[in-house]
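Have a look at the structure below, then the notes.
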Amino acid sequence: MDPGGEVRTFPAPKGRGPYGITTTPDGVVWFSSLAGSYIARIDSATSELKTFDVPSAGGGARRVWSDSSGKLWVTEWFAGKLARFDPATEEWMEWDLPGDDPQPYAVFVDETDAVWVTDFGANAILRFDPGTDEFRAFPSTKPNASVRQLPGRPGEVWGAESAPRAWSHRRKLARGSRIEVKRAYS
């Protein structure tokens, strides 16, 4: 929708369309397709879409988020992987999530370009450091937390635990990290 109130829709190029959506720092809109296992760039001037299949065939691109340089981070639900797409080179990189049955759902990139991923299989929020290729897990205190959305603001990451009817809040501390789980409602 533009500021004047006009709503435009774009046909999905490969059948089923968007599941997640993000914008890059230069204002380009991208979406992810879980059913189609691709991401797509939307040209808002021409309404044309350009698609890019995720590197793992049938990987299931659930959510997408941009980092500060415009690279796109994608959770591959069916493949159990975190992927990064560089629009400048059109090249992908992938990382296997730790654990026996990873199920990456939401992704968020914070102001330091640390990548946060929710993992249903580990019942945790993971922090991925692109500089070291290391994951750090912050397990939920509730079973089957099912964090489906993961936004943040400087110094904080927020997640809605849809199964236990609670929410998570992670605040970065000078000497470490912590996860606080609060009851959203009773």
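All of the numbers you see were taken from the coordinates with simple rules; none came from a lab. What you are looking at is a predicted structure, and each value in this text was computed from that prediction instead of being measured. Virtual Cβ from ideal backbone geometry, glycine too; neighbours counted across all protein chains shown.
Rounded to the nearest 20 debye, the dipole magnitude of the chain is 940 debye, with +1 charges on Lys and Arg beta carbons, -1 on Asp and Glu beta carbons, and the Cα centre as origin.
Between residue 112 and residue 89, the simple spin-label model (points 7 angstrom out along Cα→Cβ) gives 2.5 nm. Sequence-distant contacts, meaning Cα pairs under 8 Å at least 6 residues apart, place the relative contact order of the chain at 11 percent. Residues 65, 95, arranged from fewest to most other Cβ atoms within 10 angstrom of their Cβ, appear as 95, 65. Roughly how many Å is it from the Cα centre of region 54-84 to that of region 7-44, as a whole number? A separation of 13 Å, based on Cα centres. Simple spin-label estimate for residue 129 and residue 7 gives 4.5 nm between the two label positions (7 Å along the Cα-to-Cβ direction from each Cα).
Placing a label point 7 Å from the Cα of residue 16 along the Cα-to-Cβ direction, the residues of region 28-43 with a backbone N closer than 18 Å are 31-40. Evaluated over the Cα positions of the chain, the convex hull gives a direction-averaged projected area, one quarter of its surface, of 11.9 nm². Just so you know, the Rg over Rh for region 1-75 is 0.97, from Cα atoms, with Rh as the Kirkwood radius.
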